[in-house]
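Notes follow once the structure below has been shown.
The values are calculated or read from the model by the stated rules, or taken from the named source; none is laboratory data. Everything numeric in this text was worked out from a predicted model, so none of it was measured. Quick reminder, even Gly has a Cβ in these numbers, built from the backbone with ideal geometry, and neighbours come from all protein chains shown. Heads up: the accessible areas ignore ligands, DNA and RNA and are worked out on the full protein's heavy atoms, side chains in. Shrake-Rupley method; radii C 1.70, N 1.55, O 1.52, S 1.80 Å.
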Amino acid sequence: MGFMNSLDICSSALTSQRMRMDVIAENLANITTTRDANGEPYRRRYVTMQAKDSFSGYMSEAMSADTSVTSYGGVRVTSILEDTAPFPLDYNPEHPDADENGYVSMPNVNLTREMVDMMSATRSYEASITAINAIKNMASQALNIGK
């Protein structure tokens with residue numbers, strides 16, 4: 001695996017984690033949105049990711065006689081899904097979206113969960129940055145060998 005392939009893998013991780021952080025930020029921004037365009041509370045969204053290639057695919061390529069194969073994976077966002085958890089009810093009879101019993105359906109966004117997810121995405125992003133810096137240092141040192 002060359003330096004450029006390693007950078008491609010890291011950049012795919014950066015892109016995916018950035019998308020994850022954007023979706024989490026949207027969830028946090030809508031934590032009190034009780035009515036969207038469809039007339040229901042905001043529904044929490046989350047990102048699903050998967051590896052671009054499987055480990056068995058890499059093993060097959062490594063075992064083959066063809067040494068010109070240079071496809072290396074990374075990660076990609078497969079979809080942004082909505083959480084189907086029920087909406088929590090909040091008793092507030094003066095709220096404009098309250099039902100006849102005085103309960104308001106609130107978004108199914110949990111602040112603690114979102115903050116933990118944000119910290120996880122941030123750490124993953126930082127790990128990819130660290131890997132990119134290590135790759136750059138190795139490339140720089142490899143260029144200095146010839147001096």
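Side notes on the structure shown:
- Computed over the stretch 73-147, the P(r) tail beyond 19 angstrom holds 65 percent of alpha carbon pairs.
- Efficiency of FRET from Cβ geometry, GLU82 and LYS136, R₀ 30 Å, rounded to 0.05: 0.15
- Descending by average beta-carbon neighbour count within 10 Å, the peptides 8-16, 79-87 line up as 8-16, 79-87, the highest first.
- Against the main long axis of the alpha-carbon atoms of the chain, helix 3-29 sits at an angle near 10°.
- Annotation: per residue accessible area for the chain equals 66 Å², rounded to a whole number [probe 1.4 Å, protein chains only].
- About its Cα centre, the dipole of the chain is roughly 920 debye, where the only charges are +1 on Lys and Arg Cβ and -1 on Asp and Glu Cβ.
- Using alpha-carbon coordinates, inclination of helix 111-145 to the longest axis of the chain, degrees: 10
- Shape index of the chain: Rg/Rh, with Rg the Cα radius of gyration and Rh the Kirkwood radius from the inverse mean 1/r over Cα pairs, equals 1.20.
- Integer Hz, Karplus 6.51/-1.76/1.60 couplings in order for the stretch 37-48, x for Gly and Pro: 5, 8, x, 10, x, 4, 9, 4, 10, 8, 9, 10
- In the chain, a dipole from Cβ-located charges (positive for Lys and Arg, negative for Asp and Glu) runs towards its positive end, and of THR112, GLN17, ASN5 it is ASN5 whose Cα lies farthest in that direction.
- Relative contact order of the chain: 33 percent, from C-alpha pairs under 8 Å at least 6 residues apart in sequence.
- Portion, in percent, of the accessible area of the chain that falls on carbon or sulfur, probe 1.4 Å: 55
- One chain, two ends: ALA37 and ASN92. Fully extended at 0.36 nm per residue, the span grows by 17.6 nm beyond their Cα-Cα distance.
- Cβ-derived FRET efficiency at R0 30 Å, LEU7 paired with VAL116, nearest 0.05: 0.55
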